[in-house]
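Just so it is clear, none of the values below were taken in a lab; they were calculated from the coordinates. Just so you know, these numbers come straight off a predicted model, no measurement behind them. Glycine gets a Cβ as well: all are built from the backbone with ideal geometry, and neighbour counts include every protein chain shown.
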Amino acid sequence: MEELSNLTYKEEVDALKDAPNFEALGDARYIHHKDVEARLYWAFCRPSGSHPDQISDAEPLVSIMAFNHSRLGALERFERLHPDVIKDELLRVKIKNRTRMLFRALVDHDFSELNAVLELVPIFLHVAIDQLKNGRKWNDIEANLVEASRFIRTAESLLDEVAWEALFLKLKVIEESSVDDLKAYLQYAIAYKEKIDIRLLAYIHDETLTWIAQSSLHLLQKKAMEKLALALI
């Protein structure tokens, strides 16, 4: 952290550490301190992570430090981040690692917050796609079909074969679905068909037909499921 090379306030902050209300004392003294160095150091060492007001600091370096040490979600962080950090490549690089981690988490969820963040900071679209393709998967949350389609419209020109494969993996695992669960999924997709990318619908259609062929359903049940699948395309 080259920004902290001159730790003018370290001893002063250390002297407060044994106080039971250490964080509250630090907040009162340093969050809006007139000296940038004081605000910068407190953004670095605040025990529970940075305060939202620190991300909104008028000094980009304080905002960066607070952004990196915050426990807020991605959207709230980017909403508060100093605009110069987004505009200036030399400043953006200082949030590179944290941004990558945030987009890993965004891609791992249903894409709704991912889309909101990309609308706010479209310059990080390439980070989102990289994490979609290469990031280590942390959970199995399905992408919302409407939100995934919205992401596709945003990223269309940058989506290659690997990205498409990763997108399909974010959808419901149809081969592991129960009949009731799959039926509800298909009914949802049909209801929102006009808002869902046709390639997602085609994928769900094909996966559903494979599921039907491998199932032990009664013939009439298979016909009912095939009818739902057909309604997708």
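A few notes on this one:
- From the C-alpha gyration tensor of segment 73-157, square roots of 5λ in Å: 21, 14, 12
- Derived from the Cα gyration tensor, the three semi-axes of the equivalent ellipsoid of segment 172-232 are 19, 11, 10 Å, largest first.
- Length released on extending from ASP14 to LEU209, taking residue separation times 0.36 nm less the Cα-Cα span: 63.7 nm
- Per-peptide average of other Cβ atoms within 10 Å, ordering 41-51, 21-31 highest first: 41-51, 21-31
- The chain, relative contact order [Cα under 8 Å, separation at least 6], %: 11 percent
- Charged-residue dipole, Cβ positions (Lys, Arg, Asp, Glu), segment 6-72 about Cα centre, Debye nearest 20: 140 debye
- Here the scattering of the chain is modelled by Debye summation over its C-alpha atoms, one equal scatterer each and no solvent; at q = 0.09, 0.11, 0.18 Å⁻¹ the log10 of I(q)/I(0) is -0.52, -0.68, -1.20.
- Size-normalised alpha-carbon gyration radius of segment 6-72, reference 2.2 N^0.38 Å: 0.99
- Helix-derived mean residue ellipticity, 222 nm - over the chain, DSSP H n ≥ 4, -39500 (n - 2.57), to 500: -18000 deg cm²/dmol
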